[in-house]
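Peer 1: Okay, here's the structure, questions in a sec.
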Amino acid sequence: MKDLQELIKEKRLIIGTDRVLKMLKNEQLTNISIASNCPENVKEDIKHYSKIFNVKLVELKETNQELGIICKKPFSISVIGW
């Protein structure tokens with residue numbers, strides 16, 4: 001979580017399923033984290049592409065609402081990348 005807070009301060013965090021998938025397919029990410037209650041179809045897509053492009057994937061214990069609060073956003077966040 002400390003790394004995540006540093007990324008938020010540096011504004012290097014990519015938020016959102018569509019943006020993360022797009023950057024993942026363009027091989028622009030090194031790490032991805034998904035919320036514990038991320039939808040299964042999104043989770044499977046992220047897992048599939050992270051294996052193909054050899055990107056580290058972490059499944060967080062926090063829910064998407066908690067992840068939104070951690071990222072200081074007024075909405076839920078299911079997927080983040082950097």
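Read the figures in this text as sums done on the coordinates, not as results from a lab. Computed from a prediction, not measured in an experiment: that's the story for all the values here. Note: ideal-geometry Cβ built from the backbone for every residue, glycine included; neighbour counts use all protein chains shown.
Peer 1: Give the stretch 21-48 a look and list any residue that's within 21 Å of residue 2 (Cβ to Cβ) and either in contact with a Gly (Cβ under 7 Å, 6 or more places away or on another chain) or in a helix (DSSP H, G or I) (or both), or say none.
Peer 2: 29, 31, 32
Peer 1: Could you identify the single residue in 6, 62 that is surrounded by 14 or more Cβ atoms within 10 Å (Cβ to Cβ), at negative phi and acidic (Asp, Glu)?
Peer 2: Criteria check complete, one pass: 62.
Peer 1: In this structure, does residue 14 turn out to be farther than 15 Å from residue 64 by Cβ, hydrophobic (A, V, I, L, M, F, W, C) and in contact with a strand residue (DSSP E or B) (Cβ under 6 Å, 6 or more places away or on another chain)?
Peer 2: Yes.
Peer 1: Turning to a different aspect of this structure: Filter the stretch 49-66 down to the residues that are in contact with a strand residue (DSSP E or B) (Cβ under 7 Å, 6 or more places away or on another chain) and either more than 19 Å from residue 30 (Cβ to Cβ) or part of a loop (DSSP other than H, G, I, E, B) (or both) and list them by number.
Peer 2: Result: 55, 60.
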